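Beneath this line is the structure, given in C-alpha cells, with notes to follow.
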Amino acid sequence: MRLSMLAAIAVLVVLVFPSSAIIIEPDRVEYLVGETIKLKVYTVGNATIQLIGNGSVVWEEEVDESGEVLIPTADLTEGNYTIYASDDRGETIKSIRLKASEAKASLYIYSKIEGNLTICGRTDIPDGHRLRIEVDGASKEVEINNGFFCSKFEVEEGVYSVRVLFGNQLLNETKVYVEGFRIRSVRFQPEIFVGEPLKIRVSANLKDFNVKIA
C-alpha cells in the first residue's frame, strides 16, 4: 500500500514539475518593423531569451522570474525570426515574422489653445497598433481606430514641436504655436424687465467653448 502511494506521488510530481518548464507566448506571430514584441515568459528560475534572425542573435535578455518581456524591432529588417528561450529545466522556441512598414500619417491640430493642445490625424497603419505622440519630449501612446488617432496635451502658451512616431519610425512632425486662453466676446441684453433673468453669453478662442449664464 505504501509503495503504491509513493508511486502515485511520484507521478504527480512529474506532472506538476515537467522537465521542460519554460513557456513563452508572443502576443502575435506577425509584427510590423518598429513595433514592440510583447512576450509572456513563464519560468521557474534564471532564463535566457534570444531573438534570432538569419542564424545570428539580434537581441538577448536575461530574466530571473516569470513576467512580460518587451523586444524592440525598430532596428531590424523584414523577415522570419525565432524566439529562443531556455532555463535550468529546458528550452523552447517560437517563430514570428516581421513585415516592412511604409507607414504614413497625416496630421492636423484640432485645438491649439493653452490647456488644450489636441493632435489628431490619419494613418495607413492597421487598426489596433499604437502610435507615440511627442510634444517637446512629453509623450503619449494612442491606439489607431478606423485609421484615425487623436491625443490631448495640457500645455501653456508657446511654440511646441510635435512628432508622430511608430516605434522609432518618424511618420510626421510639425511646429505649433499654442495661443493663450482669451475671451473673445461677452454678450447680454441691454434691457430687461424687472424679474426677468439676465442672460450672458461668453465665447473664447478655445474650440467649443461657449458659456451661457442666466
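The values are calculated or read from the model by the stated rules, or taken from the named source; none is laboratory data. Note that the structure is a prediction, hence the values are computed from the model and not measured. Every residue, glycine among them, receives a Cβ derived from its backbone with ideal geometry; neighbour counts consider all protein chains shown.
Matching residues to (1) in a strand (DSSP E or B); (2) at pLDDT 80 or above; (3) under 29 Å from SER101 (Cβ atoms); (4) not assigned by TED's automatic domain parsing to the domain that holds VAL33:
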site	(1), (2), (3), (4)
LEU165	yes, yes, yes, yes
LEU171	yes, yes, yes, yes
LEU198	no, no, no, yes
SER203	yes, no, no, yes
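Residues in the stretch 173-196 that are loosely packed, with under 10 Cβ neighbours inside 10 Å and part of a strand (DSSP E or B) were compared, and the one that is modelled with the highest pLDDT is LYS175.
Considering the stretch 33-84, the qualifying strands (runs of 3 or more DSSP E), each wholly inside and each with 2 or more residues that are touching a residue at least 24 places away in the same chain (Cβ under 8 Å), run over 36-42, 47-53, 67-72. Here ARG97 does not qualify as assigned to a strand (DSSP E or B), out of contact with any Lys or Arg (no Cβ under 6 Å at 6 or more places or on another chain) and farther than 20 Å from PRO26 by Cα. Applying the condition of being in contact (Cβ under 8 Å) with a residue 60 or more places away in the chain and under 13 Å from the mean Cα position of the chain (by Cα) to the stretch 110-169 and asking which residue is farthest from ASP27 (Cα to Cα) yields ASN168.
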